[in-house]
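The values are calculated or read from the model by the stated rules, or taken from the named source; none is laboratory data. Because the structure is a prediction, the values reported are computed rather than measured. Ideal geometry is used to build each Cβ from the backbone, glycine not excepted, and the neighbour counts take in all protein chains shown. Note: areas computed on protein heavy atoms with side chains; ligands, DNA, RNA excluded. Shrake-Rupley method; radii C 1.70, N 1.55, O 1.52, S 1.80 Å.
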Amino acid sequence: MRKSNPVVLITKEDVSVKVENVTTMEVFNVGDVDCTFNGATLKAGKSKTLVVADGTYSNVDIDVVFSTTALAGYEKKIEIIYKKIIPSCVN
């Protein structure tokens, strides 16, 4: 039996990372600045589902680029919440 644990990744800067064995993933732009997430624009205050909980798992490349036109005092912040399969130990 495979188990999955929730993970929260918060970034306030441009980031590129690969996450393996993801069972669900949702992205929330909780900041004040629009960003490009995996090539699509994610407006401030909006969310996007990348991996639906359908019993399968995926490897996801996360690529976040914040808008360079952000005004001073505006917050850049993305929350990525996902579940990742945790390998079980067999003794």
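Residue separation times 0.36 nm, minus the C-alpha to C-alpha distance between SER4 and LYS48: what's the value? Kindly include the intermediate steps, with their values, before the conclusion.
Numbers: separation 44, 0.36 × 44 = 15.84 nm, distance 2.06 nm.
Length difference between fully extended and current span is 13.8 nm.
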Number of Lys pairs (Cα under 18 Å; 8 or more positions apart or on different chains) in the chain: 18
Largest-first principal axis extents, alpha carbons of the chain, Å: 55, 23, 17
Options TYR57, THR11, ASN38, ranked by Cα towards positive dipole end of the chain, top entry (Cβ charges): TYR57
The chain - accessible surface per residue (Å², probe 1.4 Å): 67
FRET E, pair VAL65, ASN21, Förster distance 30 Å, beta-carbon r, rounded to 0.05: 0.75
Carbon + sulfur, % of accessible area of the chain - ligands and nucleic acids excluded, 1.4 Å: 50
Label-to-label distance, nm, for residues given as PHE28 and ALA40 (7 Å Cα→Cβ offset): 1.8
